[in-house]
Amino acid sequence: MRRTDRLFDLIQILRDGRLHTARDMAERLEVSTRTLWRDMATLIAGGLPVEGERGVGYILREPITLPPLTLTEEETEALVLALRLLAEGADPGMAGAVERLSGKIMAVLPASRAARAEPPVWIFPGEEALAAARHLPDLRRAIRLGVVMELAYADGEGRESRREVRPLVLEFWGRVWTLAAWCEKRQDFRSFRVDRIASLRDTGRVQAPEAGRDLAAWRALMGISG
């Protein structure tokens, strides 16, 4: 998490007007207590009306307000629905980010708008999405960093294979997640259903994008423009 985002989250925690210990806030933000102390010193130096000290805790002396978010009612509902879809998509690595972002949105919405922000929609992910969920954080990381992954995979006929791939992009089809990747074994692009991946292993190898084997080449092959 970037420091600016962490400082914003600290303000959100303190806005309830209660006393918070450095240890509790550090655990919530997944940082060390020493880092939390530095962040609080930065906020106090910047004029945040906070009282407190190390070993005691911190409390906001007076309420602070943030400017209202200038979204229409339909835009607010669309954003909240998108967050709910993401949360219910069963990707455990995104759950914390969704909760923090939802809190930020509700904190800056006018009270009347926040009360009506929940769209009347229920979402129930299918068993394929739930089966894929455990692999999504590792695959997103591999795509972001260019890590070569080894996966054990079973095709539609139940035939198992093991191969090394360069993950390129995750695609959600409303029911199943698929992974587009360059397959080192086949020396070609392949698409894998994520719920059929039995196991994943980080090989520790990082592969820079390579012409003809990268996302741009995959998009061209699939006829995807833009």
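The values are calculated or read from the model by the stated rules, or taken from the named source; none is laboratory data. Model, not experiment: these values are computed from the prediction. Ideal geometry is used to build each Cβ from the backbone, glycine not excepted, and the neighbour counts take in all protein chains shown. Just so you know, the surface numbers come from the protein's heavy atoms only, side chains and all, with ligands and any DNA or RNA stripped out. Shrake-Rupley method; radii C 1.70, N 1.55, O 1.52, S 1.80 Å.
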Query - Residue list for segment 183-226, filter: under 22 Å from residue 138 (Cα atoms), in a loop (DSSP other than H, G, I, E, B) and open to solvent by 80 Å² or more (accessible area, probe 1.4 Å) - result: 185, 209
**Report entry** segment 122-157, subset part of a loop (DSSP other than H, G, I, E, B) and open to solvent by less than 50 Å² (accessible area, probe 1.4 Å), residue modelled with the lowest pLDDT
**Finding:** 123
Report summary line: Flagged in segment 159-182 as over 13 Å from residue 197 (Cβ atoms) and either open to solvent by less than 50 Å² (accessible area, probe 1.4 Å) or of a type in the set (Lys, Arg) (or both), in numbering order, are 159, 166, 168, 169, 171, 175, 180, 182
Report task. Taking residue 195 as the residue in question, decide whether it is modelled with pLDDT of 90 or more, touching a helix residue (DSSP H, G or I) at 6+ places or on another chain (Cβ under 8 Å) and among the charged types (D, E, K, R). Result -> yes
Report summary line: Of the conditions (1) at pLDDT below 75; (2) closer than 20 Å to residue 25 by Cα; (3) in a loop (DSSP other than H, G, I, E, B), the single one that residue 48 does not satisfy is (1)
Requested in this report: Output the residue which, of all residues in segment 95-121 that are open to solvent by 50 Å² or more (accessible area, probe 1.4 Å) and under 21 Å from the mean Cα position of the chain (by Cα), is modelled with the lowest pLDDT.
Outcome: 118
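In segment 51-78, which residue that is in a loop (DSSP other than H, G, I, E, B) and surrounded by 10 or more Cβ atoms within 10 Å (Cβ to Cβ) is modelled with the highest pLDDT?
Going residue by residue through segment 51-78, those that are in a loop (DSSP other than H, G, I, E, B) are 54-56, 61-72.
Subsequent filtering for residues that are surrounded by 10 or more Cβ atoms within 10 Å (Cβ to Cβ) retains 54, 56, 61, 64, 66, 68-69, 71.
Working: 54: 78, 56: 82, 61: 79, 64: 63, 66: 56, 68: 56, 69: 55, 71: 64.
Going through the qualifying residues, I end up with 56.
Quick grid of which residues meet (1) surrounded by 14 or more Cβ atoms within 10 Å (Cβ to Cβ); (2) assigned to a loop (DSSP other than H, G, I, E, B); (3) free of Cβ contacts under 8 Å to residues at least 24 places away in the same chain; (4) not β-branched (Val, Ile, Thr):
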| position | (1), (2), (3), (4) |
| --- | --- |
| 4 | no, no, yes, no |
| 10 | yes, no, no, yes |
| 18 | no, yes, no, yes |
| 31 | yes, yes, no, no |
| 34 | no, no, yes, yes |
| 38 | no, no, yes, yes |
| 41 | no, no, yes, yes |
